[in-house]
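Novice: Handing you a structure now.
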Amino acid sequence: MDDARARAALTAELERIDADAAAHRQGGPLRPDEADRRAVDAADQASRATETMEADLVESTLREQRVRVEAALGRLDSGGYGRCTVCGREVDDERLEARPETDRCRDHAEGR
């Protein structure tokens, strides 16, 4: 993938992440305050605890995605974009199209 196309894909991904984060924040505060906690029964408390955990997971996932995309932009600026950080081989264009932030080839993909 050429640099201009990679930069466009990564910039679009950052915009998507930021839009998702803003939409998530506009969904309203999911973390109940202390007054709310006293006013609800055990079932409501369990439901709110679940909502809080889900909100934390979404926020954490979006932060991690943003870090990976920013790191990919850094590799693009330094000339290391498109190379596997494990073996140094070129990452194929198909993989970069699907995951422009990736820093690993298929042989060293996360979880393998």
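The values are calculated or read from the model by the stated rules, or taken from the named source; none is laboratory data. None of the values given here were measured: they were computed from a predicted structure. Note that we place each Cβ from the backbone using ideal geometry, even for glycine, and neighbour counts take in every protein chain shown. When the accessible area is computed, the model is the full protein with side chains, heavy atoms only, and any ligands, DNA or RNA have been set aside. Shrake-Rupley method; radii C 1.70, N 1.55, O 1.52, S 1.80 Å.
Novice: Out of region 72-103, which residues are in a loop (DSSP other than H, G, I, E, B), without any contact (Cβ under 8 Å) to a residue 40 or more places away in the chain and within 16 Å of the chain's Cα centre (by Cα)?
Specialist: Answer for region 72-103, where residues must be in a loop (DSSP other than H, G, I, E, B), without any contact (Cβ under 8 Å) to a residue 40 or more places away in the chain and within 16 Å of the chain's Cα centre (by Cα): 99, 102, 103.
Novice: When you scan region 48-68, do you find a residue that is in contact with an Asp or Glu (Cβ under 9 Å, 6 or more places away or on another chain), crowded, with 16+ Cβ neighbours inside 10 Å, at pLDDT below 95 and more than 26 Å from residue 11 (Cβ to Cβ), even just one?
Specialist: Yes, region 48-68 contains at least one residue that is in contact with an Asp or Glu (Cβ under 9 Å, 6 or more places away or on another chain), crowded, with 16+ Cβ neighbours inside 10 Å, at pLDDT below 95 and more than 26 Å from residue 11 (Cβ to Cβ).
Novice: Looking only at region 1-27, filter to residues that are open to solvent by 50 Å² or more (accessible area, probe 1.4 Å) and not in a helix (DSSP H, G or I); which one of those is modelled with the highest pLDDT?
Specialist: Only one residue tops the list, namely 2.
Novice: So for region 84-96 (the condition being open to solvent by less than 40 Å² (accessible area, probe 1.4 Å), farther than 17 Å from residue 8 by Cβ, at pLDDT below 95 and among the polar types (S, T, N, Q)), does at least one residue qualify?
Specialist: No: zero hits.
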